[in-house]
Amino acid sequence: MTQGPGRFEYYLIQIEDILLKASRSENAALYLYQHDARTKLFMLEGLSKLYSGLHNSKMFEEIKKYFKTLEDLLGAVDYYDAFSKDFLADPEMPVTVRLYTEEKRDKKLAELNAVLLKKKWINHDPLRTKKIRKKLKKADWQKPEKELSLISKFYDRSIKDVESFYAKTGVGFTDIELQVHDLRRMLRWLSIYPQALQGAIQLNDNGISDESVSEYLIPEIVNSPFNKLPVPGNNTVTLLLEKKYFLALSYMISSLGKIKDEGLRVMAIAEAMEATQFLPPEKALTKAFELNKTGPGGIRIILEKAKKVCSPYFEGKYLPKIKAVIPQPEEDETAKPVIEEFIP
């Protein structure tokens, strides 16, 4: 792995392989969705987002937009597909609601297919991946030690950005998408960067007892394969994050994800009711509460759940305790100067 270029190449090879196979299928967008292209795109988007904060900001922002466009569309496909299956399993859900979400899923697939062709991801020479590689060669790549120092500062800035965002909105959430979902997105990037950097970040247990964080270290989180970071490999230097606080971060991402999904389910039903029953937004939302069995105070209750999860976490200042530390080399005992005892 050759630092930045090698990290991009690792995922570019994977996404290129999926794109090639997708181009031979009847529905390229559906193939991408069914073969987890979104995870690879997340990693490439994460790398682009990270490196845009280190150097060549304009270039990496441009590259990020390409990956983000595909990832966003796959996310929309997943959104409508998941709810269409959910609604199919609910005998009390109107058929029109399920058919609407299926129709929206298919429209997003068609939109993704159009983008794949228009932006030259498939069926073109040269492919978009080749053009991205050409741009990456022009980046001002740093030496490992310098790059790691920049990554450490970027990670710490990202943590401060999350805390600042929460301070403005988390005291009393009022919006699922713009506050709860966005907060979770910001937290999730802190988890994606260590995966995307392919061994440049490792977890460290400082051995210091902190009972207050133990409630986050449940088996589901501790044993999750998503919290096993790539081995250092041939990274000559690594950055250390405190393990228990990194796991607490994972707990928050998971918990907010469940709460976010609960809120988005109501919103998905409301969207379908508004479109198929021609209801005004407020009446559509009221009907969605009923169908979701959450009652008229549903959104408020969901927002309160998010606050209940977030308050102790942010008040406990667990996020900055993850830290992003560059380990100092151990002192070589043999290299120490010999100090002879003074004998008068």
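The values are calculated or read from the model by the stated rules, or taken from the named source; none is laboratory data. For clarity, every value in this text was computed on a predicted model and none was experimentally measured. No Cβ is skipped: glycine too gets one built from the backbone with ideal geometry, and neighbour counts run over all protein chains shown. The protein model used for the area step is the full one, side chains on, heavy atoms only, and it has no ligands, DNA or RNA in it. Shrake-Rupley method; radii C 1.70, N 1.55, O 1.52, S 1.80 Å.
Looking at 92, 102, which is the one that is part of a helix (DSSP H, G or I) and either surrounded by 14 or more Cβ atoms within 10 Å (Cβ to Cβ) or in contact (Cβ under 8 Å) with a residue 60 or more places away in the chain (or both)? Steps first, answer last, please.
Values: 92 fails: part of a helix (DSSP H, G or I).
From the options 92, 102, the qualifying one is 102.
Tally the residues that are part of a helix (DSSP H, G or I), in contact (Cβ under 8 Å) with a residue 12 or more places away in the chain and open to solvent by 30 Å² or more (accessible area, probe 1.4 Å), restricting the search to the stretch 116-151.
Looking only at the stretch 116-151, we keep the residues that are part of a helix (DSSP H, G or I), and these are 116-118, 128-136, 144-151.
This time we only want the ones that are in contact (Cβ under 8 Å) with a residue 12 or more places away in the chain, so: 116, 128-129, 132-133, 135-136, 144-145, 147-151.
If we keep only those that are open to solvent by 30 Å² or more (accessible area, probe 1.4 Å) as well, we get 133, 135, 144-145, 149-150.
Summing the residues that are part of a helix (DSSP H, G or I), in contact (Cβ under 8 Å) with a residue 12 or more places away in the chain and open to solvent by 30 Å² or more (accessible area, probe 1.4 Å) in the stretch 116-151 gives 6.
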Q) When residue 41 is evaluated against the numbered criteria (1) in contact (Cβ under 8 Å) with a residue 60 or more places away in the chain; (2) part of a helix (DSSP H, G or I), which criterion, by number, is the only one it fails? A) (1)
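Residues that are of a type outside the set (S, T, N, Q) and open to solvent by 30 Å² or more (accessible area, probe 1.4 Å): does the stretch 190-197 have at least one? Full working, then the answer.
Applying the first criterion (of a type outside the set (S, T, N, Q)) to the stretch 190-197 yields 190, 192-194, 196-197.
With the extra rule that they be open to solvent by 30 Å² or more (accessible area, probe 1.4 Å), the set shrinks to none.
No, that holds for no residue.
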**Q.** Conditions (1) part of a helix (DSSP H, G or I); (2) over 25 Å from residue 142 (Cβ atoms): number failed by residue 46
**A.** (2)
Q | Pair list, Cβ under 9 Å, 6 or more apart: the stretch 162-182 residue without any contact (Cβ under 8 Å) to a residue 40 or more places away in the chain, other residue exposed (fewer than 11 other Cβ atoms within 10 Å of the Cβ) and part of a loop (DSSP other than H, G, I, E, B) | A | none
Q. Taking the stretch 223-264 as the search range and keeping residues that are open to solvent by 40 Å² or more (accessible area, probe 1.4 Å) and closer than 15 Å to residue 177 by Cα, which one is modelled with the highest pLDDT?
A. 258
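In the stretch 164-203, how many residues are more than 30 Å from residue 145 (Cα to Cα) and assigned to a helix (DSSP H, G or I)?
First, the residues of the stretch 164-203 that are more than 30 Å from residue 145 (Cα to Cα): 165-184.
Still in the list and also assigned to a helix (DSSP H, G or I): 165-169, 176-184.
Total meeting the criteria: 14.
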Q. Just to be sure, is residue 286 within 19 Å of residue 205 (Cβ to Cβ) and among the β-branched types (Val, Ile, Thr)?
A. no
(Q) Suppose the filter is of a type outside the set (D, E, K, R), in a helix (DSSP H, G or I) and in contact with a Gly (Cβ under 7 Å, 6 or more places away or on another chain); does residue 154 pass it? (A) yes
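Would you tally the residues in the stretch 252-284 being within 30 Å of residue 147 (Cβ to Cβ) and without any contact (Cβ under 8 Å) to a residue 40 or more places away in the chain? Walk me through how you get there before you give the answer.
Residues of the stretch 252-284 within 30 Å of residue 147 (Cβ to Cβ): 252-253.
Checking the rest, the ones that are also without any contact (Cβ under 8 Å) to a residue 40 or more places away in the chain come to none.
Looking only at that region, the number is 0.
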Q.
Let me spell it out: the conditions are (1) at pLDDT below 95; (2) on the phi > 0 side of the Ramachandran plot, and residue 89 meets all of them except one. Which number is the exception?
A. (2)
Q: State which residue is most open to solvent (accessible area, probe 1.4 Å) when the search covers only the stretch 48-64 and only residues that are more than 19 Å from residue 121 (Cα to Cα) and touching a residue at least 40 places away in the same chain (Cβ under 8 Å).
A: 49
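Within the stretch 154-162, identify whether any single residue is hydroxyl-bearing (Ser, Thr, Tyr), out of contact with any strand residue (DSSP E or B) (no Cβ under 8 Å at 6 or more places or on another chain), open to solvent by less than 50 Å² (accessible area, probe 1.4 Å) and over 23 Å from residue 4 (Cβ atoms), and answer yes or no.
Going residue by residue through the stretch 154-162, those that are hydroxyl-bearing (Ser, Thr, Tyr) are 155, 158.
Okay, now just the ones that are also out of contact with any strand residue (DSSP E or B) (no Cβ under 8 Å at 6 or more places or on another chain), so 158.
Those left that are additionally open to solvent by less than 50 Å² (accessible area, probe 1.4 Å): 158.
This time we only want the ones that are over 23 Å from residue 4 (Cβ atoms), so: none.
No, the stretch 154-162 contains no residue that is hydroxyl-bearing (Ser, Thr, Tyr), out of contact with any strand residue (DSSP E or B) (no Cβ under 8 Å at 6 or more places or on another chain), open to solvent by less than 50 Å² (accessible area, probe 1.4 Å) and over 23 Å from residue 4 (Cβ atoms).
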